[in-house]
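The block underneath contains the structure these notes are about, expressed in structure tokens.
Each reported figure results from applying straightforward, stated rules to the coordinates on display, with no laboratory input. Owing to the predicted nature of the structure, the values given are computational and were not obtained by experimental measurement. Counting neighbours? That spans all protein chains shown, and the Cβs are built from the backbone with ideal geometry, glycine included.
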Amino acid sequence: MNQKKYSLGELFFEIGCLLKKYEQNLAENTTGKLLKTIQVLEQYPLLTQYGLDQAVKENKIPIIKRGKLNFFDSRDIENYIQNQKVVSKNEGISEKIKYV
């Protein structure tokens with residue numbers, strides 16, 4: 001039994017390092033980057049303020065409210081944009097435009 005003896009301070013330091021690594025791994029694996037509304041509009045120029053508000057109102061994009069601020073998960077925004085794609089048919093005219 002070769003056990004290294006740790007002082008109380010060393011134990012707390014080791015535990016702190018382990019907790020920090022655990023939190024970093026947890027944060028990387030569970031959510032994408034959280035963005036404020038203005039950051040979403042800057043990073044995704046395809047979206048407008050009105051379009052983003054409508055998507056939130058219709059529960060197409062989940063939000064995290066913190067006081068008056070809305071935070072968006074970047075993966076949710078990318079999924080929303082991905083779901084908005086329209087497959088074109090018949091001479092490159094999309095189904096939405098075809099019947100207008």
Fewest-first ordering of V86, V40 by Cβ atoms within 10 Å yields V86, V40
Can you list which of the trypsin sites (Lys or Arg not before Pro) found in the stretch 28-82 are DSSP loop residues with at most 11 other C-beta atoms within 10 Å?
K68
Approximate spin-label separation N79-Q49, in nm, with each point projected 7 Å along Cα-to-Cβ:
2.8 nm
Of K33/K65; K65/K85; K20/K65; K21/K68; K57/K85; K33/K57, which ones are farther than 24 Å apart at the Cα?
K65/K85; K20/K65; K21/K68
